[in-house]
Amino acid sequence: MTASNKFLTIHVSNVLVWLVLLATAGNVCAQPAGAKATAVKKSWTDIAYSVNSPSQKLDIYLPDSNVSNYPVIISIHGGAFMMGDKADAQVRPALAALHHGYAVVAINYRLSGESLFPANIIDVKAAIRFIKANAAAYNLNATKIALWGNSAGAYLAALAGVTANVASLDDPGSDNGGQSVRVQAVVDWYGPIDFLKMDAQLRATGYGLPTHNDGSSPESKLMGQPIILIPEKVKWANPETYISKDDPPFLIMHGEEDQLVPAQQSIVFSKKLSKVLGEKKVALHLLPATHHGGPEFETANNIQLVTDFLDKYLK
């Protein structure tokens, strides 16, 4: 096998892992292990939160209870920045929080095949603004909002959480521009943070294939060039660049044997957050013998950890 063919095989293998993870997610009706059947009082689907792309839509789910002004979880799906959907099974952990009195807003955003960075983070912020501007119409509390993402969605949740006042990663002149994009909490499930360090970390752990610096990697496709060639642009996209004392509390969870996004991404990020925000506002949970997602994250006990964290800051 030539060096180029070996390189292609490694990259294709990594993409196939992403595809398998999404394909095995099932459908939105499936429930997290140990969870009760999801009880939805009312829902709205495919609401446009902006007008620049058909991708800019969201779904709203309300709990089966009679409470006004529900605190809100914004669910941000993963999929290597190039696939996934707000209505696939990635939303089911967030839907489990309906039983804890949370409304769930699941959003789509422009994927890398449609628009390059920073379109996706601009979309997340546009969705936050839409929710705040229209909170009364949907019985939502505009002052109690958490972002909850997995994988690429966790990256977007983290980046939105630390860049509320970063003009270069926003478009406040668009719809609902008068609304703040500041949120009250972030839940980050195994999200990438520093793209340029993932390959070295994967080599150190031995759990995955170090192909993130490849020009065809999800991160390079998102940025529009091989990330190894554009370190300053990658720094612009790195949530660690923007950590400040004004940032919301973070709950970070990661599988210790993650074969796609090394756990060191979350370990380093949590340390940097803790240094600025204080240890009480940053919680890191590493799941032993766990890969990139999986049923370990969706147990009733793990969902309880998330809702306990959210209750602390949103109730």
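Before moving on, here are some points about what is shown:
- Here the range 97-119 is the region considered, the condition is being in contact (Cβ under 8 Å) with a residue 60 or more places away in the chain and buried (at least 24 other Cβ atoms within 10 Å of the Cβ), and the residue that is farthest from ALA48 (Cα to Cα) is ALA97.
- Just one residue in the set LEU98, LEU116 is modelled with pLDDT of 95 or more, aliphatic (A, V, I, L, M) and outside any helix (DSSP H, G or I); that residue is LEU116.
- Filter result for ASP175 (of a type outside the set (Gly, Ala, Ser), touching a residue at least 60 places away in the same chain (Cβ under 8 Å), outside any helix (DSSP H, G or I) and open to solvent by 30 Å² or more (accessible area, probe 1.4 Å)): yes
- Among the residues of the range 292-315, those that are outside any helix (DSSP H, G or I), surrounded by fewer than 19 Cβ atoms within 10 Å (Cβ to Cβ) and of a type outside the set (Ser, Thr, Tyr) comprise GLY294, LYS315.
- Among (1) among the hydroxyl-bearing types (Ser, Thr, Tyr); (2) open to solvent by 50 Å² or more (accessible area, probe 1.4 Å); (3) under 16 Å from the mean Cα position of the chain (by Cα), the one test that SER168 misses: (3)
- Unique residue being under 30 Å from THR143 (Cα atoms) and either part of a helix (DSSP H, G or I) or among the aromatic types (Phe, Trp, Tyr) (or both) when the list is SER180, SER168: SER168
- Among the residues of the range 212-243, the one identified as surrounded by 15 or more Cβ atoms within 10 Å (Cβ to Cβ), outside any helix (DSSP H, G or I) and among the hydroxyl-bearing types (Ser, Thr, Tyr) is SER217.
- Selection count where residues are touching a residue at least 40 places away in the same chain (Cβ under 8 Å) and on the phi > 0 side of the Ramachandran plot, scope the range 197-246: 1
- Considering the conditions (1) open to solvent by less than 30 Å² (accessible area, probe 1.4 Å); (2) farther than 20 Å from GLY79 by Cβ; (3) hydroxyl-bearing (Ser, Thr, Tyr), TYR190 is excluded by exactly one of them, (2).
- Residues (over 24 Å from ILE145 (Cβ atoms) and part of a loop (DSSP other than H, G, I, E, B)) located in the range 244-285: GLU256, GLU257, ASP258, GLN259, LEU260, VAL261, PRO262, ALA263
- Where a residue in the range 295-315 is among the acidic types (Asp, Glu) and modelled with pLDDT of 95 or more and its partner, wherever it lies, is assigned to a helix (DSSP H, G or I) and surrounded by fewer than 19 Cβ atoms within 10 Å (Cβ to Cβ), with Cβ under 8 Å and at least six apart: ASP311/HIS100
- Residues of the range 178-187 classified as open to solvent by 10 Å² or more (accessible area, probe 1.4 Å) and without any contact (Cβ under 8 Å) to a residue 60 or more places away in the chain, total: 3
The values are calculated or read from the model by the stated rules, or taken from the named source; none is laboratory data. Predicted, not measured: the structure shown is a model, and the values here were computed from it. We place every Cβ from the backbone using ideal geometry, glycine too, and count neighbours over all the protein chains shown. To get the accessible areas, we keep the full protein, side chains included, count just its heavy atoms, and leave off ligands, DNA and RNA. Shrake-Rupley method; radii C 1.70, N 1.55, O 1.52, S 1.80 Å.
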